[in-house]
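Report on one structure; see the data block that follows.
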Amino acid sequence: MAEYKSAKEKKSNTLGCLKVLLLIFNFLFWCSGAAVLWLGIWILQTKTKYVALLNSATYPACAWILIVAGVIICIIGFVGCCGAIRENKTCLIVYFVFLLIIFLLEIIAGILAYVYQDQWLRGELKGGLNSTMIMQYMAKGSEGITRATDVLQQDFRCCGVLNWRDWKANSPYFKTGPAKNMTAPNSCCISPSDGCAARDHPSNIYHVGCLDAIESYIRTYLFIIGAVGISMACLMILGLFCTLCFYHLVDEYYVLSDKEGVH
């Protein structure tokens with residue numbers, strides 16, 4: 001009887017320490033989930049004015065994945081706290097399974113973000129900007145694209161995709177349309193005003209294209225997404241380990257309690 005009591009006390013002390021550690025982890029985990037949620041919303045809001053120019057849904061999808069992941073992490077953090085406080089094995093199993101799933105998803109998301117920016121980003125951006133920004137500028141029903149293009153060129157101080165010549169060479173509006181006497185949109189001008197882009201001198205309009213600028217901008221966000229994904233995955237390794245240890249100790253503690261009751 002004394003032997004079981006002594007073993008039970010040791011397990012109880014260890015269980016208490018692990019419970020505190022798991023609760024601290026869950027607090028950090030919940031905070032990180034809130035941070036991921038905020039990051040997803042921030043990325044989506046700061047890029048909303050340019051999204052109309054991107055043919056691919058990859059970039060906005062990344063932001064939505066962060067938002068959904070942040071909400072799920074906050075909910076799972078609550079389940080983990082309940083499992084730790086109540087020493088409920090069912091809650092701990094559910095918590096562990098979801099932690100493992102999120103761990104794998106975070107690793108995959110981080111890797112995909114880096115692979116995407118290295119292998120597909122530039123080609124996808126170039127094709128997307130040519131088919132939207134250049135070809136649909138001032139077209140009927142493309143008011144959103146026109147506004148996004150003007151904002152983009154003013155924000156990044158650029159003109160066209162590769163350079164200012166893209167407008168005259170490829171845009172129907174400037175090649176054969178109403179603005180055939182213009183060189184580029186007024187938003188290409190260093191000091192925008194009506195008809196200011198009639199003269200293509202470097203002192204009047206931006207000559208550098210927008211592709212490099214927006215590619216660099218999106219790479220920054222993709223790097224943040226990748227870094228957050230991999231950092232979260234590393235944090236979850238600690239959570240997975242603590243949960244397994246805690247579950248094992250809870251199981252042993254109740255086995256010893258049963259044996260003590262029998263004796």
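Below are the figures for this structure:
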item	result
Residue order, fewest to most surrounding Cβ atoms within 10 angstrom, among Leu44, Leu54, Leu66	Leu44, Leu54, Leu66
Residues Ser216, Ser203, Ser142, sorted so that the one with the fewest Cβ neighbours within 10 Å comes first	Ser203, Ser216, Ser142
Residues His201, His207, His248 arranged by fewest to most Cβ contacts within 10 Å	His201, His248, His207
Amide H contacts of Gly160 (H built 1.01 Å from N, under 5 Å, at least 5 apart or other chain)	Cys210
20 °C / 1.002 mPa s Stokes-Einstein diffusion coefficient of segment 160-243, Kirkwood radius on C-alpha pairs, µm²/s	136 µm²/s
Approximate spin-label separation Ile108-Arg199, in nm, with each point projected 7 Å along Cα-to-Cβ	5.7 nm
Diffusion constant of segment 62-118 at 4 °C, which comes from Stokes-Einstein with the Kirkwood Cα-pair radius and 1.567 mPa s, µm²/s	104 µm²/s
Two-site label geometry, Ala169 and Val97: point separation in nm, points 7 Å out along Cα→Cβ	5.7 nm
Sites matching chymotrypsin sites (Phe, Trp or Tyr not before Pro) across segment 119-199 that sit in DSSP coil, with at most 14 neighbouring C-beta atoms within 10 Å	Trp120
Positive-end residue of Ile102, Gly141, Cys189, charge dipole of segment 89-228 with Cβ unit charges	Gly141
Computed FRET value (nearest 0.05) for Phe223 with Lys180, which takes r as the C-beta separation and R₀ as 41 Å	0.50
Stretchable slack from Ser231 to Ala34, in nm (0.36 nm times residue separation minus alpha-carbon distance)	69.5 nm
Scaled radius of gyration (Cα, divided by 2.2 N^0.38 Å) that segment 123-212 gives	0.95
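Throughout, read-outs are computed from the coordinates displayed, never taken from laboratory work. The structure presented is a predicted model; accordingly, all values stated were derived computationally and were not measured. All Cβ positions, even for glycine, are placed from backbone atoms using ideal geometry, and neighbour counts span all protein chains on display.
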